[in-house]
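Structure first, then comments.
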There are 2 protein chains.
Amino acid sequence: MAKRESNVDRVYEALRRMAADFAFKPDQRINESALSEVLGASRTPLREALNRLVAEGFLTFQINRGFFCRPLTPSYILDLYEARVAIECEALRIACLRAPNADIMAFSDYLDRLEPEYESATELEELLTLDESFHSRLVQLSGNSELQRMLKNLNGRIRYIRLIDLKRMRDQAEGRAPGDVSAHRQVLQGLEARDVEAATRALRNHIEKRREEATEAVRIAFSQLYVPDED
Amino acid sequence: MAKRESNVDRVYEALRRMAADFAFKPDQRINESALSEVLGASRTPLREALNRLVAEGFLTFQINRGFFCRPLTPSYILDLYEARVAIECEALRIACLRAPNADIMAFSDYLDRLEPEYESATELEELLTLDESFHSRLVQLSGNSELQRMLKNLNGRIRYIRLIDLKRMRDQAEGRAPGDVSAHRQVLQGLEARDVEAATRALRNHIEKRREEATEAVRIAFSQLYVPDED
DNA sequence: GAATTCCAAACTGTATACAATCTTGAATGC
DNA sequence: GCATTCAAGATTGTATACAGTTTGGAATTC
C-alpha cells in the first residue's frame, strides 16, 4: 500500500530515459514549465530531478538560464570510454584476486546461457542491454559498490553513443558482429585462470576497440544529422 | 555586477563543507527547516542542493523521511579507496603515455616547490590540502575531465576520513610522516621515465597503504567517539 | 508494568505565486 | 541596411502555503 517510489524518482527515471533516447538535442535548453506538463509534475520536483542529473553529468546548468542537454563531442566520448577502462579493469583485477570461485562459475554459466540470445537478438535495445549487463555483472564481481555506481553512471551516459554505434554496425554488415561474445569470453578465460594481466589486457582492448568504432559512428551520424536546424 | 554563483551552488558548497567537517553525524536525519534557517535560504533551493549531494553519494534519501548523513563503515572506506586506485592509476597510465614533457616538468617543479611546505605544515587542513592537490594534479595530467570529476567526488567523500587519519598520525608520532613526500616522488620518477608499470605500482602501493592506516584510524576514532549517544 | 492505540505535533512533498532575470523583436538612430 | 535601445513576454529563482506522512508520547487496555 505504501508508496515505494517517490515522484522525484519517477521524474528522474523518465528524464534519464529521455536523455538516452535523443529526446533532447545536444546543447538544447530545457524548458521547465513545458517539461513539467509533459511529466505530470510541478516544477519543484522536476528541478530536484534535474539537479540530480547535473550532479551525475547528464546535463549542464547555467545560472538564470536553466538546464541544458550536454553536447556530444569526440573528446567527451574519449573521456567516458577511458573512465570505463579505469573502472572496469580495476574491478576485474579485484575480481581476479578475490571473487569466490562460485561467483565466477555463475558468471560463466550466465555467459553460456546468453550466447544464443546474443546470436538471435535483432532489436538494438536488446543487444545493448545484453552488452551492458555483461559489463555491469563483471563489475559486480568485484563486490565494490562505488565502482558499480560509477559504471552505472557511465553506462547511462554512453547509452546513446552505443545505440548509434550498434545502428551503424547493423546497417553496414548483415553478418552482425560476433566479436563481442568472443571478446567477452576472452575476458572470462583470464578471470577463470585468475590471470590479472591477461584478463585486463583483453578487457582494455575490447573497450578501446569499441570506443574507436563508436567515435567514428557518432562522427558520421552527426555529420548527417545536424546539417541545418530543422525548426 | 552580475552574480556568478547561484544560491543553490552556495548552499551546496556550504553543505559539502559541513559534511566534510563532521557537522552531520553518520546516519543522522537532516532537518530541512532547521538547516534552511542556518543557511539563510528556503527549503526549495536547499532541497535542490541536497538532491545533488544524494546523486554524488554524500547523503542518502528515503521517501517521506528525508535526507540522511551516510554512515562510515569499513567496507565503504574500502570501496572509496579502491575506486581511487582505479581512477588515479588509469589517469597515471594515460599521463605516462601522452602527457607533454612540459606538463610533467611543471608537475615536478610543483613538487619541488611544495616540499618545504610539506615539511613545515602544522595544520591538518594544510597537510590535507597539499596531499589532495598532489593527487588531483596528477589526474589533471591525463587531460581526462571525467576522471577529474570522479576523483573530485571521491576526495570530497574521503576528506574527513583523511582528517581522522592525519589527526591520529600527528598524535601518535611527533616526527610527522615524510612518507607521503617520498611516495609522491617515487610516482613522479616513474612518470618522468614514462614507465607505466613502475609508476602505477608506486601509486597503488601508496594509496593502499594509506587506506589501511585510514581504516584503522577510523575504527579507533569511532570506538572512542560513539560510546553512547550524547543527546 | 508492558503492549497497543491513537492523536497532536513535526516534518516532508509539491503546487503555486510572485520577484528577478533573460530573451526577443520592434522601433529608433545613424 | 546595420547596430542600438527598450519594452513586453517568457523563463528561471525561491518563498510560502498546505496536503500528506511520519513520529513520539500520552492514554488505554490487559
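No value in this document is a laboratory result; all are computed from the given coordinates. Predicted, not measured: the structure shown is a model, and the values here were computed from it. Methodologically, a virtual Cβ is constructed for each residue, glycine included, from the backbone with ideal geometry; neighbour enumeration extends over all protein chains shown.
Listing for the model above:
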item: Simple spin-label estimate for A:D103 and A:R170 in nanometres, 7 Å along Cα-Cβ; result: 3.4
item: Neighbourhood net charge (13 Å Cβ-Cβ; Lys/Arg +1, Asp/Glu -1) for B:A20; result: +2
item: Calculated FRET efficiency for the pair A:T122/B:D112, C-beta based, R₀ 45 Å, to 0.05; result: 0.15
item: Calculated label separations, A:E119, copies of the chain, 7 Å along the beta-carbon direction, nm; result: 6.9
item: Cβ charges +1 (Lys, Arg) and -1 (Asp, Glu), total dipole of chain B, debye; result: 720
item: Rounded to 10°, Cα long-axis angle of helix A:43-55 versus longest principal axis of chain A; result: 40
item: Whole-number D in µm²/s for the protein assembly as shown (Stokes-Einstein; Kirkwood sum over Cα pairs; 37 °C, 0.692 mPa s); result: 136
item: Contour excess over end-to-end distance, with Cα ends at A:T44 and A:E192 and 0.36 nm allotted per residue; result: 48.3 nm
item: Length-normalised contact order of chain A in % [C-alpha pairs under 8 Å, at least 6 apart]; result: 22
item: Estimated distance in nm for a label pair at B:R29 and A:R29, the labels positioned 7 Å out from Cα along Cα-to-Cβ; result: 4.2
item: Inter-chain Cβ neighbour average for residues B:70-76, partner chain, 10 Å; result: 1
item: Prolate/oblate/rounded call for segment A:7-69, Cα gyration tensor, a/c under 1.5 rounded; result: rounded
item: Inter-site label distance for B:F222 and B:T129 at 7 Å from Cα along Cβ, in nm; result: 2.9
item: Tensor-based shape of segment B:70-180 (alpha-carbon gyration tensor, a/c under 1.5 rounded, otherwise prolate or oblate); result: oblate
item: Net charge over other residues, Cβ less than 15 angstrom from the Cβ of A:R194 (K, R count +1; D, E count -1); result: -1
item: Helix A:179-192 vs. chain A, principal-axis angle (Cα, 0 to 90°, nearest 10); result: 60
item: Neighbourhood charge, 9 Å Cβ-Cβ cut-off, centred on A:L50 and excluding it, Lys, Arg +1 and Asp, Glu -1; result: -1
item: Peptide B:135-147, shielding by other chains (average Cβ, 10 Å cutoff); result: 3
item: Cross-link partners of A:K152 among aspartates and glutamates (Cα-Cα below 12 Å; sequence separation of 8 or more within a chain); result: A:E56, A:E88, A:E132
item: Angle between chain B longest axis and helix B:7-20 axis [Cα atoms, degrees, rounded to 10]; result: 70
item: Cα gyration tensor shape for segment A:31-118, rounded if a/c is under 1.5, else prolate or oblate; result: prolate
item: Over segment B:7-69, relative contact order from alpha-carbon pairs under 8 Å, at least 6 apart, %; result: 42
